[in-house]
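Below: one structure, written as C-alpha cells.
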Amino acid sequence: MTRVTSIASNTFREAVRDRVLYNLIAFALLMVAASLLVGQISMNIERNVVINLGLTAVSLFGLVIAIFIGIGLVSKEIEKKTLYTILSRPVRRWEFILGKFGGLVATLVVNTVFMAVGIFAAVFYLAHHFQRADAYLLVALYFIILQFVMITALALLFSSFSSPLLSAVFAFALFVIGTFAQDLRGFASLTHGVIGWIAIAAAYVVPNFAALNVISSVAHDQPVAASLVLYNTLYALLYSAAAVAGAMLIFERRNLK
Amino acid sequence: MPTFVAMPAIETFGLEKTYTVGFWRKRPRCALRPLNLAVEEGEVFGYLGPNGAGKTTTLKLLMGLMFPTAGSAKILGREVNDPQVKAQIGFLPEQPYFYDYLTARELLEYYAQLSGVEARARSRRVAAVLERVGLRDVAGVQLRKFSKGMLQRVGIAQAILHDPKVVFLDEPMSGLDPIGRREVRDLIESLKQEGKTVFFSTHILSDAEALCDRVAVLHQGELRGIGVIADLTSSVRGKVEVIWQGGVIPPAMHALSAECHLIGAMARAVVGENQLDAAVDALRRANLKLVSVTPVRASLEDYFVEKLSPAEVAAR
Amino acid sequence: MRPSRRTTAILVAILVVCLAAAVFSITLADRARPSATLEETLYIPSPSVLKRMSLGYTGLLADIYWTRAVQYFGGKHVLASHEYKLLAPLLDITTQLDPHLTVAYQFGAIFLTQPPPNGAGDPDAAIKLVKFGIQENPDNWHLYYNLGFIYYLEKKDYGAAAQAFEQGSRVPNAHPFLKLLAARMAERGGDLETARMLWTMTYDDSKDKDIKANAISHLRALQVDETVPRLEQLIRQYFERTGHDPGNWAELVRAGYLPGIPLDPAGHPYKLAPEGNVWVAVPDALPFITQGLPPGVKASEMPKL
Ligand SMILES: Nc1ncnc2c1ncn2[C@@H]1O[C@H](COP(=O)(O)OP(=O)(O)OP(=O)(O)O)[C@@H](O)[C@H]1O
Ligand SMILES: [Mg+2]
C-alpha cells in the first residue's frame with residue numbers, strides 16, 4: 001500500500017509542477033468571473049447564469065485536465081522508459097496503475113476545490129450572503145468530481161493500450177457519447193431483435209455522464225434527492241473500478257518494448 | 001553429508017524472444033535464440049555483443065518488462081517477477097531517462113520508497129549514494145538541467161540505492177567521458193568487493209577485459225561463447241611484435257609476416273609466436289639491431305573477429 | 001514468467017462484477033431521478049439557440065430530439081400522465097432542426113391532438129406543427145392527410161378536413177384515397193365507416209410503432225362501438241318476442257339470434273348487463289370506446305368518433 005501511495009503522491013507532484021495545470025485553473029476562474037458580467041447583462045437571472053456558467057467551466061476545464069493528464073499516465077511512462085526503473089522494483093503492475101489513478105483523482109479533487117471556491121465567491125458576491133440552495137451547488141460539484149473519476153479511469157484504460165493522441169480521442173468521444181447516454185438508450189429502445197439487444201447493452205455499458213449532470217436543475221435551485229446522490233455515487237465508483245480493472249488487465253499483459 | 005553447490009544468481013533456461021514487426025504485414029523477428037546462461041553469485045559478468053545482438057532484450061526479459069516467447073529465467077533461485085527478487089536487484093536501463101521535474105534527491109527518495117527502504121534509513125542512504133556517484137553538489141537540482149553523463153550517474157545511483165544483491169547494468173559506460181568511465185569501473189570493482197553480483201552489457205571490449213570474471217558473447221541473438229576472459233583469448237593464437245633499428249626490411253621477414261613496415265629509422269613486424277626464432281635469425285643475418293620483442297596479447301577484439309564469421313564482420 | 005493467472009482471474013472478476021453492479025445502480029438512479037427536476041429543465045427551449053450550438057450537426061441533433069420526444073411521450077403514457085407539457089416544444093425543436101423529418105409531424109398530429117391520457121390534448125399546437133411541415137414539404141401528401149386528420153379527429157371541422165384532403169389529393173403522386181376522403185368528409189363526416197377508413201389509412205401509412213398501435217386501438221374501439229348497439233338491439237328484439245331479457249348469451253344462441261358467444265376485440269366475452277345493456281368485460285383493455293362502458297367508468301376523456 002505504501003508503494004501505491006508513493007506512486008500516487010508522485011503523480012500528484014508531477015501534476016502540480018506542470019504549468020499547464022495552473023493556466024487551466026486560472027482560465028476556469030476567469031470564466032467564473034466573466035459569468036458575473038454576463039449575469040449583469042441578463043437581468044434577473046444573474047444567479048442562474050453564474051451557476052450555469054461557473055459549473056460548466058469547472059466541469060469542462062476539469063475534463064480537459066483529466067483527459068490530458070490521464071492519457072499520458074501510462075503511455076508517457078512507457079514512451080520515456082521511466083517505467084523500467086519502477087517495474088524493476090518490487091512494484092506490481094496493478095499497483096502502478098492504482099497509484100497513477102489515485103494520484104490523478106487527488107489532483108482533480110484539489111483542482112475542483114480551488115475552482116469551487118471561485119464559484120462560491122461569485123455567488124456570495126451576488127447575494128452578499130449564503131442561502132440554503134447554495135448547498136445544492138455542493139452536490140453538483142460532487143457529481144462533477146464523480147464525472148472526473150470516471151473519465152480518469154477511462155483515460156487510464158485507453159492509455160494502457162494506445163498512444164496518447166488516440167487515447168485523447170477515445171476519451172473525449174466517450175465523454176460526448178456519455179453526455180447523450182440517455183438519448184442513446186432512447187435510440188436503442190427503438191431498435192429490435194438482436195441488434196436491439198446489442199444496442200441496449202451498448203447504451204448501458206457506455207458511461208452515463210448525463211446522469212451525473214445536475215447543473216441546470218441546481219441552477220434553478222432545485223434540490224437533488226438523497227437517493228440519487230447515493231445511486232450516482234455507487235454508479236460512478238463501480239464503473240470506474242471496472243475501467244481501472246480493465247486497465248490493469250491490459251497492462252499486466254503488456255510487453256514493454 | 002550433502003554437498004552444497006553455489007546457487008547461481010542468474011539463470012536462464014532456453015530463454016527466447018521473437019518480436020513481431022510491421023504494422024500491416026506482421027513478420028517475426030528473432031531477437032534472442034534459446035539462451036542458457038548461469039551467472040554465479042559474486043561474479044562480475046560481462047554480456048558482450050555488437051549493436052543489435054540482443055543484450056537489451058535479454059535484460060528486459062530478466063527485469064520482467066517483457067514476456068519471453070519461450071523459456072524462463074530465475075534470479076536468486078526465484079521467478080523473476082517475484083517481489084522478493086525485485087527487492088534485491090538493481091537495474092540501470094540503457095540511455096536512462098527520469099522524471100525531469102524532480103531533483104536528484106527527490107527521485108532517489110521516491111525510488112527508495114518503492115524499493116521498500118525503511119523510512120528511517122532513507123535520507124541517509126540517498127545522501128550516501130549521491131556521494132558515491134559524485135552528485136552530492138547537485139542533489140537539489142531538477143533533473144531537466146542534468147547533462148547526459150550526470151543522468152547516467154543518477155541511473156547508476158538508483159540501481160545501487162537499495163543495496164541490491166544483483167545489479168544489472170545496460171551499457172553503464174555509454175555517454176561518459178574517460179574520467180567518468182574510470183569512475184564507473186571503480187564503482188563496479190567496489191561492488192565486487194562488497195560481494196555483489198554484477199551483470200553488465202557492453203560492446204566496448206576493454207571495459208569488459210578490465211572488469212569481468214567471465215563474459216558471454218552474443219551475436220544476432222545467439223550465444224557464441226562464454227567463459228573466463230583468459231580462456232577465451234588464449235583460444236586465439238598469440239603473436240609477437242618485433243621492432244629493430246635500420247630502415248630496411250630483410251626479404252626473409254616479408255616471408256614471415258604479413259604485417260611489417262618502416263617507422264622512420266625503425267621497422268616493425270608482427271609474427272606468430274612460433275616464428276619468433278626465425279624472425280630474430282633473419283635480423284641477425286642482415287646485421288640489423290633488435291630493439292624490442294613484445295607479446296601482443298590476444299584481445300577480445302581478436303576473439304570477436306575470429307568468432308564472428310568473416311562474412312558477418314564484413315557485413316558490419 | 002507469464003502474467004500471473006491469479007491476478008488475471010481476480011481482475012476479470014472485479015471488472016465483470018463492478019460493471020454489472022454499475023449498470024444496476026444506474027437503473028436505480030434513473031428511477032430516483034424525478035422527471036420534474038431533471039428532464040423538464042434539461043432542455044434548451046429555443047430551437048434557434050440549439051441550431052447554433054449544434055455546429056451544423058442539425059440532423060443528428062434533430063434525431064436526438066426526436067428520440068427524446070418519443071421517449072418522453074412513451075414514458076409519460078405508461079404512467080397514464082395527464083400532462084405532456086414538453087411534447088409540443090420537443091417536436092417543435094425536432095422539426096425546426098430537421099424540417100424534413102416527416103414522422104415527427106405524423107407523431108404530433110396524433111399524440112398532440114388526442115386528449116389525455118392518450119395525448120397532449122392540444123390540437124392547435126398539432127395544427128401549427130403540421131402546417132409548418134406542409135410549408136417546408138409542400139409536395140408531401142402525407143402531411144395534408146395529417147392536417148385533415150386533426151381537423152377531423154378533434155376539431156370535428158369536417159369542412160377544414162375536406163379542404164386539407166382535397167389539397168393533398170392535388171399533390172403529385174398523392175394517394176387516390178385522399179380524393180375519396182375529401183368527398184366523404186363533406187357528406188358523412190361523423191360516421192363510423194369514415195373513421196374506420198381513416199384509422200386504417202393511418203395504420204397503413206405509418207412505420208412508427210406507437211402510431212400503428214394507436215391506430216389499432218382506435219380500430220378496435222370502433223368495432224366495439226359498432227357491435228354493442230347491435231347486440232343491444234338483438235336483446236330488445238328478444239325481449240319483444242319473449243317478454244323477458246335473456247339470462248345469458250346461450251339463450252340468444254339457442255333462439256337463433258347469435259351464432260355463438262360474442263367476444264370483444266380484446267378477446268373477452270361481452271357482458272350481459274341488467275336492462276338489456278351490454279358491457280365490455282375489461283374496459284381498460286379497450287381505450288377510446290364510447291359504447292359498452294359500465295356506469296361509473298369514465299368515458300369522457302375518450303375521443304368521440
Ligand atoms: N521493440 C522492438 N521491436 C522489434 N524489434 C526489436 C525491438 N527491440 C529490439 N528489436 C530488435 O531485436 C534485436 C536485438 O535488439 P537489442 O536492443 O536487444 O540489441 P542490443 O544488443 O541491446 O543492441 P545495442 O548494443 O545497440 O543496444 C535487434 O535486431 C532489434 O532490431
Ligand atoms: Mg541495447
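The values are calculated or read from the model by the stated rules, or taken from the named source; none is laboratory data. Everything quoted here is computed from the prediction, not taken from an experiment. Neighbour counts run over all protein chains shown; Cβ positions are idealised from the backbone, glycine included. Surface areas here come from the heavy atoms of the whole protein model, side chains and all, with no ligands, DNA or RNA. Shrake-Rupley method; radii C 1.70, N 1.55, O 1.52, S 1.80 Å.
Mind checking whether some residue in region B:1-14 is within 16 Å of ligand 2 (Cβ to nearest atom) and surrounded by fewer than 17 Cβ atoms within 10 Å (Cβ to Cβ)? No, region B:1-14 contains no residue that is within 16 Å of ligand 2 (Cβ to nearest atom) and surrounded by fewer than 17 Cβ atoms within 10 Å (Cβ to Cβ).
Looking across region C:79-114 at every residue that is acidic (Asp, Glu) and outside any helix (DSSP H, G or I), the one that is least open to solvent (accessible area, probe 1.4 Å) is identified as C:Asp98. Is at least one residue of region A:57-69 in contact with a Lys or Arg (Cβ under 8 Å, 6 or more places away or on another chain), under 30 Å from C:Ser4 (Cβ atoms) and crowded, with 18+ Cβ neighbours inside 10 Å? Among the residues of region A:57-69, not one is in contact with a Lys or Arg (Cβ under 8 Å, 6 or more places away or on another chain), under 30 Å from C:Ser4 (Cβ atoms) and crowded, with 18+ Cβ neighbours inside 10 Å, which makes the answer no.
Of all the residues in region A:92-106, those that are open to solvent by less than 10 Å² (accessible area, probe 1.4 Å), within 14 Å of another protein chain (Cβ to nearest Cβ) and in contact with a Leu (Cβ under 8 Å, 6 or more places away or on another chain) number 3.
So if I check each of C:Ala281, C:Ala221, C:Ala255, which one is within 30 Å of C:Gln106 (Cβ to Cβ) and not assigned by TED's automatic domain parsing to the domain that holds C:Pro116?
Exactly one of C:Ala281, C:Ala221, C:Ala255 is within 30 Å of C:Gln106 (Cβ to Cβ) and not assigned by TED's automatic domain parsing to the domain that holds C:Pro116, namely C:Ala221.
Return a yes/no flag: does region B:158-178 have any residue that is assigned to a helix (DSSP H, G or I) and away from every other protein chain (no Cβ under 14 Å). Within region B:158-178, one or more residues are assigned to a helix (DSSP H, G or I) and away from every other protein chain (no Cβ under 14 Å).
Among the residues of region B:196-210, count how many are more than 16 Å from ligand 2 (Cβ to nearest atom) and open to solvent by 10 Å² or more (accessible area, probe 1.4 Å).
So the count comes out to 4.
Please verify whether B:Ile204 is at pLDDT 90 or above and among the hydrophobic types (A, V, I, L, M, F, W, C), treating the condition exactly as stated. The answer is no for B:Ile204. Determine which member of the set B:Gln152, B:Gln142, B:Gln193 is open to solvent by less than 20 Å² (accessible area, probe 1.4 Å) and of a type outside the set (A, V, I, L, M, F, W, C). Among B:Gln152, B:Gln142, B:Gln193, only B:Gln152 is open to solvent by less than 20 Å² (accessible area, probe 1.4 Å) and of a type outside the set (A, V, I, L, M, F, W, C). Every listed requirement among (1) facing another protein chain (nearest Cβ under 9 Å); (2) open to solvent by 40 Å² or more (accessible area, probe 1.4 Å) is met by A:Ala242 save one, (2). When the residues of region B:7-65 are filtered to those that are within 7 Å of ligand 1 (Cβ to nearest atom) and part of a strand (DSSP E or B), the one that is nearest to the other protein chains (Cβ to nearest Cβ) is B:Tyr19.
How many residues does region B:16-29 hold that are surrounded by 14 or more Cβ atoms within 10 Å (Cβ to Cβ) and within 16 Å of ligand 2 (Cβ to nearest atom)?
Count: 2.
Scoring B:Ala87 on the criteria (1) at pLDDT below 90; (2) away from ligand 1 (no atom under 16 Å from the Cβ) leaves a single failure, condition (1). Inclusion of B:Val117 among residues that are in a helix (DSSP H, G or I) and surrounded by 19 or more Cβ atoms within 10 Å (Cβ to Cβ) is not warranted. Checked against the criterion of being open to solvent by 40 Å² or more (accessible area, probe 1.4 Å) and either touching a Lys or Arg at 6+ places or on another chain (Cβ under 6 Å) or within 11 Å of another protein chain (Cβ to nearest Cβ) (or both), the candidates A:Phe161, A:Phe180, A:Phe170, A:Phe251 yield just one match: A:Phe180. Restrict the check to region A:217-231 and report whether at least one residue is surrounded by fewer than 19 Cβ atoms within 10 Å (Cβ to Cβ), in contact (Cβ under 8 Å) with a residue 12 or more places away in the chain and facing another protein chain (nearest Cβ under 7 Å). Yes - at least one qualifying residue is present in region A:217-231. Residues in region B:228-257 that are at pLDDT below 80, open to solvent by 40 Å² or more (accessible area, probe 1.4 Å) and either closer than 30 Å to B:Leu48 by Cα or among the polar types (S, T, N, Q) (or both): 6 in all. Scanning region B:166-175 for residues that are more than 18 Å from A:Leu83 (Cα to Cα) and either more than 16 Å from ligand 1 (Cβ to nearest atom) or outside the structural domain of B:Gly77 (by TED's automatic domain parsing) (or both) returns a single hit, B:Val166.
Can B:Gly77 be described as more than 8 Å from chain A (Cβ to nearest Cβ) and touching a Gly at 6+ places or on another chain (Cβ under 6 Å)? No; evaluated as a whole, the condition is false for this residue. Among the residues of region B:37-85, the one identified as more than 19 Å from A:Ser88 (Cβ to Cβ), within 16 Å of ligand 2 (Cβ to nearest atom), hydrophobic (A, V, I, L, M, F, W, C) and touching a helix residue (DSSP H, G or I) at 6+ places or on another chain (Cβ under 7 Å) is B:Leu48.
Inspect region A:19-28 for any residue being of a type in the set (Lys, Arg) and open to solvent by less than 50 Å² (accessible area, probe 1.4 Å) and give the result as yes or no. No, that holds for no residue. Just wondering, is there one or more residues in region B:143-165 that are within 30 Å of A:Thr11 (Cα to Cα), away from ligand 2 (no atom under 16 Å from the Cβ) and either among the hydroxyl-bearing types (Ser, Thr, Tyr) or not assigned by TED's automatic domain parsing to the domain that holds B:Leu65 (or both)? So far as region B:143-165 goes, yes, one or more of its residues are within 30 Å of A:Thr11 (Cα to Cα), away from ligand 2 (no atom under 16 Å from the Cβ) and either among the hydroxyl-bearing types (Ser, Thr, Tyr) or not assigned by TED's automatic domain parsing to the domain that holds B:Leu65 (or both).
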